[in-house]
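See structure below.
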Amino acid sequence: EAYVQIRAGERELDLGSLAPREAIGALVDFTLAHYRSKPWFIRMLNSENLRGGATIRTIADASEIQSPLIDELGKILQRGADAGTFRPGVDPVELYITIASLFYFPISNAHTLSAVFGYAVDDAGLERRRRDVRRLVLGFLAPDPE
């Protein structure tokens, strides 16, 4: 159900109707918003990974739940590459993992980051993070300078 919920939210973005850069930006924004509004999602993933993925391996359609997003990301990346906005050859799975991980770590480790670095995982800090992740991801996708 947790994966169904996040994929349903992503579908509502209608990424295919957006220009490639706007689509990726919308996905970045949504990912942070989802993690913030559903803190149980991060805790559930942490618990599942501590258990070695025991539950997810029993869900027969787990990969089918994920595949529409990956297919859509692949199309967006191809449209961006065709338009010269993105560099070619970016793997949509790798891109999704990158986006998810750039928000996952500070949220899942908020207490230790605060204690060790004084890093505040509050509204202002997460807004800065959102802007930075957008720049990082869109910069990563930009065509290589020649």
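The values are calculated or read from the model by the stated rules, or taken from the named source; none is laboratory data. Note that the structure is a prediction, hence the values are computed from the model and not measured. In this analysis, Cβ positions are derived from the backbone assuming ideal geometry, glycine residues included, and neighbour counts consider all displayed protein chains. Note: accessible area is taken over every heavy atom of the protein model, side chains too, but ligands, DNA and RNA are not part of it. Shrake-Rupley method; radii C 1.70, N 1.55, O 1.52, S 1.80 Å.
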Residue check, residue 88 against (1) assigned to a helix (DSSP H, G or I); (2) at pLDDT 75 or above; (3) open to solvent by 60 Å² or more (accessible area, probe 1.4 Å), all met but one. Which one?
-> (1)
Run down 137, 133, 121 and say which single residue is in contact with a helix residue (DSSP H, G or I) (Cβ under 7 Å, 6 or more places away or on another chain), free of Cβ contacts under 8 Å to residues at least 60 places away in the same chain and open to solvent by less than 60 Å² (accessible area, probe 1.4 Å).
-> 121
May I ask you to list the residues in the stretch 11-28 that are of a type in the set (D, E, K, R) and either touching a Pro at 6+ places or on another chain (Cβ under 9 Å) or open to solvent by less than 80 Å² (accessible area, probe 1.4 Å) (or both)?
-> 11
